[in-house]
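Trainee: Starting off with a structure, shown below.
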Amino acid sequence: ANTFRGMYIRQIALIQEFGGQLELLHRRRYDRGTSPYAPT
């Protein structure tokens, strides 16, 4: 059970890190004002 818990915690850490990177990318994109859904 302890090893499984370690793997679980590691997965959560990776997911949180990836989510943080995605959030930064979205913030950069919206800060520029170039939304992919904006009419050209």
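The values are calculated or read from the model by the stated rules, or taken from the named source; none is laboratory data. Here the structure is a predicted model, which is why all the values come from computation and not from measurement. Don't worry about glycine lacking a Cβ; one is built from the backbone with ideal geometry, like all the others, and counts go over all protein chains shown. These area figures cover heavy atoms from the full protein model, side chains too; ligands, DNA and RNA do not enter into them. Shrake-Rupley method; radii C 1.70, N 1.55, O 1.52, S 1.80 Å.
Trainee: Let me cross-check Y8: its accessible surface, 1.4 Å probe, with only protein heavy atoms counted, in Å² to the nearest 10?
Mentor: Counting only protein heavy atoms, Y8 exposes about 130 Å² to solvent.
Trainee: Separation between the M7 and L25 pseudo-spin-labels, each 7 Å from Cα along Cα→Cβ, expressed in nm?
Mentor: A separation of 2.7 nm, rounded to one decimal place.
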